[in-house]
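Since the structure comes first, as structure tokens, the remarks are kept for the end.
The values are calculated or read from the model by the stated rules, or taken from the named source; none is laboratory data. None of the values given here were measured: they were computed from a predicted structure. Every residue, glycine among them, receives a Cβ derived from its backbone with ideal geometry; neighbour counts consider all protein chains shown. To get the accessible areas, we keep the full protein, side chains included, count just its heavy atoms, and leave off ligands, DNA and RNA. Shrake-Rupley method; radii C 1.70, N 1.55, O 1.52, S 1.80 Å.
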Amino acid sequence: MINSAHLHLLLNHFPVIGTIIIILIVGYGLIRKNKEIIKTGLIITVVIAIISIFSYTTGEGAEDLVEGLDGVNEKYIDEHEDAALYGLILIETLGAFALL
């Protein structure tokens, strides 16, 4: 059975790897001056922005599951959560621009 921590770990790879893929596809499209490739990169940006919302929102449930376990430091969880919020704001902004 999948719990919040499993779901969070599954989803949080999409924004990280997806951002690298977006940069590569859009960059290649710009170099080749190919609007279809650029459009593909923008569509992927919107999809990754949507997935990122779910990735971020599953973090709280994952935190609840691991808090109190040996070796889990609340300070690192807070830092992770702060970094995730900045990443979410960035990818959501990019996704909104991609829609335009």
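If you take the residues in segment 63-100 that are open to solvent by 90 Å² or more (accessible area, probe 1.4 Å), part of a loop (DSSP other than H, G, I, E, B) and aliphatic (A, V, I, L, M), which one is nearest to LEU7 (Cα to Cα)? The selected residue is LEU69. Scanning segment 39-57 for residues that are under 13 Å from LEU100 (Cα atoms) and either open to solvent by less than 40 Å² (accessible area, probe 1.4 Å) or within 9 Å of the chain's Cα centre (by Cα) (or both) yields THR45, VAL46. A search for C-beta distances below 7 Å between a residue of segment 1-17 that is modelled with pLDDT of 90 or more and in a helix (DSSP H, G or I) and any residue that is open to solvent by 50 Å² or more (accessible area, probe 1.4 Å) and not small (Gly, Ala, Ser), counting only pairs 6+ apart in sequence or on different chains, returns LEU11/PHE54.
Residues that are open to solvent by 60 Å² or more (accessible area, probe 1.4 Å) and within 20 Å of VAL66 (Cβ to Cβ) occur at least once in segment 16-38. Among the criteria (1) over 16 Å from HIS8 (Cβ atoms); (2) open to solvent by 80 Å² or more (accessible area, probe 1.4 Å); (3) not in a loop (DSSP other than H, G, I, E, B), the one GLU60 does not fulfil is (1).
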